[in-house]
Structure formats: structure tokens, C-alpha cells
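To start, the structure itself, in C-alpha cells.
The values are calculated or read from the model by the stated rules, or taken from the named source; none is laboratory data. On a predicted model such as this, the values are computed, not experimentally measured, just so you know. In this analysis, Cβ positions are derived from the backbone assuming ideal geometry, glycine residues included, and neighbour counts consider all displayed protein chains.
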Amino acid sequence: MDAASTIVGHGKQQTTLLHDIATGNLAHAYLFSGEKHLGKFTVAKWFAAEILTQGQSENEKQATAQLLKKNVHPDLLILDQLWIADVCTDWKVIARSSNVLQEERAKKKVKTDTIGIDDVRELQRRLHETAQKGRLCCLVRSLERLQTEAANALLKILEEPPPHVLFCCTTESLSSLLPTVVSRMRVVEFSPLAPPELSPLLSSLPEEDRLLLLTVAQGSPGIIFRALDNPDVLREIKQQHILAHRFLGSHSLTERFHELLRSLEAGEERLLIRHLLLHLSEELRSEKREQAEQATSFARSLFSLLHLLQSNPSRPLLSAYIALQSAPLTLA
């Protein structure tokens, strides 16, 4: 299954965007907002393809589609995966999703997944190149990755955009963006999908796996695509689900500490936290009020952990902190 070119759901958003094209009511910048793995960037690529193939014959559309698939169309700029020192340095891998030069990142050995001023300057340089057919589409994934200086530089571009350029960006955190940036873009909201929209994707799996993935996905088709495309991902989801159940059923702080530490050191902390929250929500439906209050308090601790992880703190200390926070809670 080619997840990169498959749109599941979001028919209302697609209809709105097609109407903008048909009526000539295109904004100079769009911002697709919603949770991770909903398919926002996939829709952004589809939107760009619809714009760049407008008025073409079927043969021309097929030729354009091939260029777009390989990210080599001259009128499409994409800033998605970033070069990151010691993490993502394979240019062939990066080229599968990004076609904006990132040489400055390599020279400076940038170690974060944030979009810096050099990245925006490279975008700006490319934006002023003349588009072949009078329109150039620029896609940027996860705009919340912008550093302050980069956000201000992008704001200047949005304030006086080149007339032939259309931006289409995505964000998982609308509130974290500069209000002035958001105000200069047409926001399109994306929501989690209902189970009936996702169920057809899982028809080839055993019932137990289908139910687990629907629960874990929480309306996000991207999570399902990753599990279908990679058996290792499905195995990891199953493992983290078992670990979360074991963690919440344990009375031993030592055991909870070691379970968390293993996941944190393996870099699977977000997946484990997702499973812990899912187990909490499932169990709370039938728990007593005191237990519900304890579970709510622990859930807040998990969200705090997600925030703390952004600063790359000591994993053992975090494991101890969460284990202690969960001490009053045992869900069998």
C-alpha cells in the first residue's frame, strides 16, 4: 500500500480546496492544522498536484505526476525531512520527502529537527525563481518547528509574497505559532477520522490486530499505514500495548521504573505514553471516583513527561519521576 499517495477521509477539505481552484479563489498561503498522522501533508501534496496539473491533457498530467512523485518537479518546493547530525544524514533518504537544499545544516552540523533561518533563506532564494507555468507551490511540514528568527523571516515572505507562489503548510500545534503568521494564512482544520473510515484499511488483518490498531490510531490513518507498511512497527505497537498493561497492573515501583526506562532508552517514549493514556481511558469508564481522580492525576503527569522530553533530560530521572507519580494507581 502506497501510504504516501493515499488519502483516507477528509472529503470535506478536498471539496473546499477544489472549489478554491475552480473559482480562482486561491489564497496565497494555506495552513492545514490538526493532530499528527491525520494525512495533512498527503492532502497538501495532492492539492499542489491539482494546482500544477490544471488545464493539462491526460498525457501531460501523467508526466507531471511522475515528476511530482520523485520530488523533481521544478515548480514544487518541499521542506519536510531535515538533515540532522548523527540522526538523519543520508541525502538519498532526505530527498524522498524534501527537495530544498540543506547544505548549511550539514556545514553547521545542526542537531535538531527545527527549521532555522538558513532553511528559510534557501526557501526564499528558490521562491524568486520563475515558475514554468506561472505558479510555484511551496510545501512546509510541521510549521511549529520554526525557530523564532526563521518564523519572523517567513512572516516577511507571507506579508509580501511573490505573486506566483502558493504556500501550503501543516501544523500539529496551531497555538504554538506566531499569531501574525497564522493570520496571513487560510487555516483548514483536520480532525481524527471515524472507525468506519479506517476499518477498510485493516481488512487483511486478524480481528485482534484490527481492534488494537483502531484503538491505538485514535482516528489517525498515518499510524495504520505505518503498521501496515512495516511489520516491525506493528510488532512494536503490540509490545508497547503489553508493556503499558503490565505497568498499570503492577504494584512494584521498581518494576514500573525499569519498564519506563527500557522504553525511554529505546526512543519509544511517545508510543508507550500513548498506550498508557489509552489504557487509562479504557479503564476509567468503570472505575470508582477515587481511582478516577488518581488516574486523572497520572494522565497529567504523562502529558508533563511529553513536554519534558523536548528538552532531552535524563531518562533515568524521568522514569523515576513517572513511576513515583503513578504510585497510588493500579489498574488490573
Item to complete: Name the one entry in 106, 95 that is of a type outside the set (Val, Ile, Thr) and in contact with a Phe, Trp or Tyr (Cβ under 6 Å, 6 or more places away or on another chain).
Response: 106
Discussion item. Given the options 22, 3, name the one that is over 19 Å from residue 135 (Cβ atoms) and either modelled with pLDDT of 90 or more or surrounded by 14 or more Cβ atoms within 10 Å (Cβ to Cβ) (or both).
Written reply: 3
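Hey, which of the helices (runs of 4 or more DSSP H) in the stretch 92-205, taking only ones fully inside, have at least 2 residues that are surrounded by 15 or more Cβ atoms within 10 Å (Cβ to Cβ) and more than 21 Å from the chain's Cα centre (by Cα)?
Details: elements: 103-108, 117-127, 148-159, 179-183, 195-198.
Correct list: 103-108, 117-127, 148-159.
Quick test for you: out of 96, 141, pick the one residue that is in contact with a Ser or Thr (Cβ under 8 Å, 6 or more places away or on another chain), assigned by TED's automatic domain parsing to the domain that holds residue 42, closer than 25 Å to residue 37 by Cβ and basic (Lys, Arg).
141
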Worksheet, complete the sentence: Of the conditions (1) more than 21 Å from the chain's Cα centre (by Cα); (2) surrounded by 20 or more Cβ atoms within 10 Å (Cβ to Cβ); (3) small (Gly, Ala, Ser); (4) modelled with pLDDT of 85 or more, the single one that residue 220 does not satisfy is (1)
Practice prompt. Report yes if residue 38 is touching a residue at least 24 places away in the same chain (Cβ under 8 Å), assigned to a loop (DSSP other than H, G, I, E, B), in the same structural domain as residue 168 (by TED's automatic domain parsing) and under 21 Å from residue 189 (Cβ atoms), otherwise no.
Written response: yes
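Considering only residues of the stretch 6-19 that are assigned to a helix (DSSP H, G or I) and touching a residue at least 24 places away in the same chain (Cβ under 8 Å), which is surrounded by the most Cβ atoms within 10 Å (Cβ to Cβ)?
Step one: of the stretch 6-19, the residues assigned to a helix (DSSP H, G or I) are 11-19.
Of the ones still in play, those that are also touching a residue at least 24 places away in the same chain (Cβ under 8 Å) are 13-14, 16-18.
Numbers: 13: 20, 14: 15, 16: 12, 17: 23, 18: 12.
Ranking the qualifying residues of the stretch 6-19, first place goes to 17.
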Practice prompt. Consider only pairs whose beta carbons are under 9 Å apart and that are at least six residues apart or on different chains; among these, list those whose first residue lies in the stretch 208-220 and is closer than 11 Å to residue 195 by Cα and whose second residue is among the small types (Gly, Ala, Ser) and surrounded by fewer than 18 Cβ atoms within 10 Å (Cβ to Cβ).
Written response: 210/199; 210/203; 214/199; 219/191; 219/194
